[in-house]
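Quick note: the coordinates plus some simple rules give every number you see, no bench work behind them. Treat the numbers as computed from the prediction; the structure is a model and nothing was measured. Virtual Cβ from ideal backbone geometry, glycine too; neighbours counted across all protein chains shown.
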Amino acid sequence: MQKAASQKVVNYRKPSVGRTLVQNRTLIFMCLPAILFFLVFSYLPMPGAYIAFTNFQYNKGIFASPFVGLKNFQFLFISGQLGLLLKNTVLYNLAFIIVGNFLQLTFAILLNEVACKGYKKTAQSIMFLPYFISDVLVSLLVYNLINYDYGFISHLVTSLGGTMPKVYQNAGAWPFIIVLVHLWKSTGYGTVVYFAAITGMDSSMMEAAQIDGANAWQRIRYITLPTLKPTVIILFLFAIGGILKGNFGLFYNLVGNNSMLFKTTDIIETYVYRSMMNSFNFSQSSAVGLFQSVVGFFIVLGANAFVKRLDPDYALF
Amino acid sequence: MTVKTQFPEHAMHTTHIRKDKSQIVINIITYVLVTIFCIMCILPFWMIIASSFATEDSIRRSGFTLWPSDFSTFSYELLFRSPDQMIGAYAVTVGLTLVGTVIGLFLVAMTGYALQRKDFPYRNGIMFYIYFTSLFSAGLVPFYLLIVQYLNLRDSYFAILLPLLMSPWLIVLMKNFVKAIPHEITESGKIDGAGDFKIFVALILPNLKPALATIGLFLALSYWNEWYYSSLFLTTKVEYRPLQYHLYNVINKVASLKNSVAGSNVVITDLPGETLKMATAVIATGPIILLYPFVQKYFVAGLTVGAVKG
């Protein structure tokens, strides 16, 4: 009896750091691969962001290249390059977020009203399919539809007596094309997410409303939508947090190195990639990348603070 | 239990009876809109398949169509006449997908389990360390230079295998899955004197099957669709490229098109460029589309868990 009591006291004393480490050595070892992974691929490159302040010379390496201060940033600001990239990136993302969420919500709510389970399942599966294919194939699908010489839509337009513009030389058409293709690829994914949120909802309110004689529109307006509101707002805020990030794969595969289209299609990620891989301009490329990371970081913090105010459970940290 | 399941069924029954006019209108709208969108989702795939069986002439004449006006398997014959590139690309992609998915899955599950243990005092610190990388990164250039200049992984398949092994998102998703396993299982293992690793392998992993299926599929998909790291790190010196990067090159560069049918005794100018692109696309994407009906439910499950938080 006395022995048990004294042991209890020992357990309550705060153990030393060394002892805690030893006690948890297996769990620490189990996390070690992940710790090393993120150390090498995410943390080790961070000091390399210094390259944005240098005139990088490949043979000298990052830290022996001459320091130039903010010159790379200055150039990007003054040339208007950064402004254009920011404008494109933000506008595309806003279109994706607003139109995308609207479509996803609409489809999820409509699907929920259908009684036939087989149809619901099949529709979800089919809508989800485009998410599975690589952006490389997506670019081929688009080419198949709208290329001037052989495209399906081009031939349709010509056979109906219209004239098809040469889309791959026409910058003005691409915001529509890219938004449409993005919606095509991501609507199913988002619909499944919202649909899961709807089916997870408490059904008793719905039944009560039905018994009280509410029609389908009233049920959607006064029950489904208000219940979904927190989910929508939170997903929306997190999407805003990523507003400087871009869907590189989609943009690069659709537009590639077609400089005729850059005015309306160049986003931060495509510029960073091209100026590094094609023009070997490592310093400017990393300056744009660093700008994106730093400003993006503060936007995420802001979005998270908003979420935290609305519902602390959903905040990231 | 029976009472519980009976009530919703009964309620469902009343919905069927009380179908008012607005319900019918909504059903019609849904069937029309959703069906149209579903057709739009499938049609482009169908068109690629149809075009791959068309003749080059018919495409020059009337473009890509929903049904080939004259049926031909010439583009496939060409691909199979010198299948080296295709087989090599398949071998690389299948190899990367298998190795990457198995290793990545094990590491993600192990990390997810350890970070979910309430009695692990460092779990929040390590989680933040991992999560922070998705909030802030050094950008592409320092990452590229690290791989190329410091790790010397240019033209190595490791430059593709390693960066895709895990992501903060997958670890968070795994953590959410592990949460559903009762803590008593870990406790019972401890009482039996098993170490943490033993508990994980013998008691937790077998209970994690749905999670492993979901996260394994996300990993497999990212390896199968990989073209980005390949485009960064594999130069022309590499003989066999992953499938999607091979497809990328076939679509974008005539040179590799020539290579892919080199030695098949076809004059380059006669090459059926358009149909060959389509046939390559069909062969490169086929397995994903064929497997899709069997695996999609795991993805839906993953999204449902991930949507809660993550």
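In terms of its C-alpha gyration tensor, segment A:108-261 comes out prolate, because a/c is 1.5 or above and the ratio a/b outweighs b/c. Computed across segment A:237-281, the Kirkwood hydrodynamic radius from all distinct Cα-Cα pairs reaches 11.2 Å.
Converting phi to 3J(HN,Hα) with the Karplus coefficients 6.51, -1.76 and 1.60 and the offset θ = phi - 60°, segment A:297-313 yields 4, 5, 5, 4, 4, x, 4, 5, 4, 4, 4, 4, 5, 6, 7, x, 5 Hz in sequence order, with x at every glycine or proline. Peptide A:69-77 has a mean of 0 when you count, residue by residue, the C-beta atoms of other protein chains within 10 Å of its C-beta.
In a DSSP loop and with at most 14 other Cβ atoms within 10 Å, the trypsin sites (Lys or Arg not before Pro) in segment B:65-172 are B:118.
With θ taken as phi - 60° and the Karplus curve 6.51 cos²θ - 1.76 cosθ + 1.60 applied, the whole-hertz 3J(HN,Hα) list for segment B:201-207 is 6, 8, 9, 7, 3, x, 8 Hz, x standing for glycine and proline.
For chain A, the equivalent ellipsoid built from the Cα gyration tensor has semi-axes of 41, 38, 18 Å, listed from largest to smallest.
Taking A:225, A:105, A:94 in turn, the Gaussian network model of chain A (Cα-Cα springs below 10 Å) assigns the largest fluctuation to A:225. With a/c under 1.5 counting as rounded, go ahead and sort segment A:55-117 into rounded, prolate or oblate using the C-alpha gyration tensor (a ≥ b ≥ c being the square roots of the eigenvalues; past the cut-off, prolate if a/b is larger than b/c, else oblate). Cα axes put segment A:55-117 in the prolate bin. Among B:250, B:300, sorting on how many other beta-carbon atoms sit within 10 Å of each Cβ, with the fewest leading, yields B:300, B:250.
Using R0 = 60 Å, the C-beta based FRET efficiency linking residue A:20 and residue A:198 works out to 0.85.
With a cut-off of 13 Å between beta carbons, the residues surrounding residue B:281 carry a summed charge of -1, where Lys and Arg count +1 and Asp and Glu -1. This ranking places A:149, A:212 by how few other beta-carbon atoms lie within 10 Å of each, fewest first, which gives A:212, A:149. The ellipsoid that matches the Cα gyration tensor of chain B has semi-axes, each √(5λ) in whole angstrom, of 43, 34, 16, with the longest given first. Within the listed set A:144, A:59, A:112, the residue fluctuating most in the Gaussian network model of chain A (springs between alpha-carbon atoms under 10 angstrom) is A:59. Straight-line reach from residue B:179: which aspartates and glutamates have Cα under 19 Å away, leaving out those fewer than 8 places along the same chain? Reachable aspartates and glutamates: A:313, B:119, B:187, B:196. Between amide H atoms placed 1.01 Å from N, distances below 5 Å from residue A:54 occur with A:68, all of them 5 or more places distant or on a separate chain.
Using only alpha carbons, segment B:103-260 has a radius of gyration to Kirkwood radius ratio (Rg to Rh) of 1.09. If the chain linking residue B:201 and residue B:156 were pulled fully straight, counting 0.36 nm for each residue of separation and taking away their Cα-Cα distance, it would gain 13.0 nm. A simple rule links phi to the HN-Hα coupling: the Karplus curve 6.51 cos²θ - 1.76 cosθ + 1.60 with θ = phi - 60°, which for segment B:220-233 gives 4, 4, 5, 6, 5, 8, 5, 9, 5, 5, 4, 5, 7, 10 Hz, with x for Gly and Pro. Inter-chain neighbour count for A:118-127: the average number of beta-carbon atoms from partner chains within 10 Å of each residue's beta-carbon is 5. Inter-chain Cβ neighbour count for A:212-220, averaged per residue, equals 3 (cutoff 10 Å, partner chain atoms only).
Taking a temperature of 4 °C and a viscosity of 1.567 mPa s, what whole-number D in µm²/s does Stokes-Einstein yield for the protein assembly as shown with Rh from Kirkwood over alpha carbon pairs? Calculated translational D: 47 µm²/s. Note on chain A: with a GNM built from Cα contacts shorter than 10 Å, the maximum mean-square fluctuation among A:119, A:43, A:189 falls on A:43.
Past 21 Å, Cα to Cα, is the threshold; run B:118/B:190; A:120/A:245; A:120/B:297; B:253/B:277; A:117/B:297 against it and keep the listed order. A:120/A:245, as the Cα separations exceed 21 Å there.
Among B:183, B:246, A:155, the ranking by other beta carbons within 10 Å of each residue's beta carbon, starting with the fewest, stands as B:183, A:155, B:246.
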